[in-house]
Amino acid sequence: MAKLDLDFVRAQFPAFEVPSLQGQAFFENAGGSYTCRQVIDRLHRFYTERKVQPYAPYTASSLGGAEMDEARTRLSAIMGIDADELSFGPSSSQNTYVLAQAFAQWMKPGDAFIVTNQDHEANTGPWRRLAERGFEMREWKINPDTGHLDPADLANLLDDKVRLVAFPHCSNVVGEINDVAAICELVHEAGAVACVDGVSYAPHGIPNVADLGADIYLFSAYKTYGPHQGIMAIRRDLGMTLPNQGHHFNADCLYKRFTPAGPDHAQVAASAGMADYIDALYAHHIGGEAATVAKGAAVHDLMRAHEVELLQPLLDYASAKNSVRLIGPSDAALRAPTVALALQSGAEAAAADLAAHGIMAGGGDFYAGRALRAMGVAADKGVLRVSFVHYTSKDEVDRLISALDQVV
């Protein structure tokens, strides 16, 4: 496999050229990544040349609409799904909320659904509210010591009453990569729908959703080097079965059924820049002709290999530090580089101390209070979270470890 050319990668991100960010190492990527140049250029072009109502017959309008369609077509191809199975919304949280309304209308009295306590609240809360509609909620619980979700525990919760299982590809504090394909197979054997929150995984390589077997897969463009949009993949037969949540005259259009309000035209169009970026990485590192889904898979593997190499020393350091409790696996191959550390002191204060060392990180519960409580982390202390992606350098990780040694 080709090795990631970090100089080329960082040249695609204007943030690394900004004077005010020089000397600052960015370890808050789980909250939102830097935006790649390709997205910024497309957003600027749309706002300056095509900021009109799209899909009208005049040139500026037709070009704007075509670029919106391009974003959907190219991103869906990377994910291994059809173009109309991908839709945009203002955020993944909003997309989940709309989906929950559809399921509330579709489910019948006596039906049950399953959620986990490993999830981010914004993506589990809307499902949990189904209990207020009279549906039975069952919770798939993490191991309180490791944060692991055991599929055997899920199997014990499944029966013919369960209509939906909502779970994360990867937790934003535990970091462990769940075996989505195996879990989806269990869910489908029980006759239920598998909804996967991919917000914390997709920044490390957009997955092939078809291969995973997910019926619904959600992630955030602003965490995958793009604009502030939520992206949702939904299997066509499921999407056309669930009650329409959009305008009645859009009921026959799958990608409009779960977008009650009009989409942000400029941001949808700019999302094609995410595909441009993946193409640029593929062309530079590998080259040659390949199907779009194969290019996406190759870039995914490039990103992951670089991240795993940089992550293991950080995990080794945290595991050996007596004053730190590493949340989640200590093997970099099993997790994303989103690392939560429970400290003896308050996490927010530690993040402020790191800032003085040029380390941009955060402290708190990161909307994952249920997972942290289940693992015995004090609410008033929270966790220090340091998260990175493929554009992070070894030097930055070394600086982080050095700064942590002084702060914690």
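The values are calculated or read from the model by the stated rules, or taken from the named source; none is laboratory data. The model shown is predicted, which means the values in this text are computed figures rather than measured ones. Methodologically, a virtual Cβ is constructed for each residue, glycine included, from the backbone with ideal geometry; neighbour enumeration extends over all protein chains shown. Accessible surface areas use protein heavy atoms only, side chains included; no ligands, DNA or RNA. Shrake-Rupley method; radii C 1.70, N 1.55, O 1.52, S 1.80 Å.
Listing for the model above:
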{"quantity": "Residue list for segment 68-92, restricted to those being surrounded by fewer than 22 Cβ atoms within 10 Å (Cβ to Cβ) and under 15 Å from the mean Cα position of the chain (by Cα)", "calculated": "PRO90, SER91"}
{"quantity": "Among (1) outside any helix (DSSP H, G or I); (2) of a type in the set (Val, Ile, Thr); (3) surrounded by fewer than 15 Cβ atoms within 10 Å (Cβ to Cβ), the one test that THR35 misses", "calculated": "(3)"}
{"quantity": "Any pair with Cβ under 7 angstrom, 6 or more apart, that starts in segment 377-396 at a residue that is more than 13 Å from ILE359 (Cα to Cα) and ends at one that is small (Gly, Ala, Ser) and modelled with pLDDT under 95", "calculated": "LYS381/GLY346"}
{"quantity": "Verdict on ALA56 being more than 22 Å from the chain's Cα centre (by Cα) and within 21 Å of MET232 (Cα to Cα)", "calculated": "no"}
{"quantity": "Residue, least open to solvent (accessible area, probe 1.4 Å), within segment 134-177, restricted to residues that are of a type in the set (Gly, Ala, Ser) and not in a loop (DSSP other than H, G, I, E, B)", "calculated": "ALA166"}
{"quantity": "Sole residue being within 28 Å of VAL174 (Cβ to Cβ), open to solvent by less than 20 Å² (accessible area, probe 1.4 Å) and among the acidic types (Asp, Glu), chosen from ASP119, ASP111", "calculated": "ASP119"}
{"quantity": "Every pair of residues 6+ apart whose Cβ atoms lie under 7 Å, when the first sits in segment 185-201 and is in contact (Cβ under 8 Å) with a residue 40 or more places away in the chain while the second is of a type in the set (Ser, Thr, Tyr)", "calculated": "VAL199/SER92; VAL199/SER220; SER200/SER171; SER200/THR338"}
{"quantity": "Verdict on PHE103 being open to solvent by less than 10 Å² (accessible area, probe 1.4 Å), within 18 Å of MET232 (Cα to Cα) and either assigned to a strand (DSSP E or B) or not assigned by the TED database to the domain that holds HIS228 (or both)", "calculated": "no"}
{"quantity": "Complete set of residues in segment 1-32 that are touching a Ser or Thr at 6+ places or on another chain (Cβ under 7 Å), surrounded by 19 or more Cβ atoms within 10 Å (Cβ to Cβ) and not in a helix (DSSP H, G or I)", "calculated": "PHE27"}
{"quantity": "LEU238 being in contact with a strand residue (DSSP E or B) (Cβ under 8 Å, 6 or more places away or on another chain), of a type in the set (A, V, I, L, M), within 25 Å of TRP140 (Cβ to Cβ) and in a helix (DSSP H, G or I)", "calculated": "yes"}
{"quantity": "Candidates ALA60, ALA131, ALA66 - the one that is under 30 Å from ASP365 (Cα atoms), part of a helix (DSSP H, G or I) and free of Cβ contacts under 8 Å to residues at least 12 places away in the same chain", "calculated": "ALA131"}
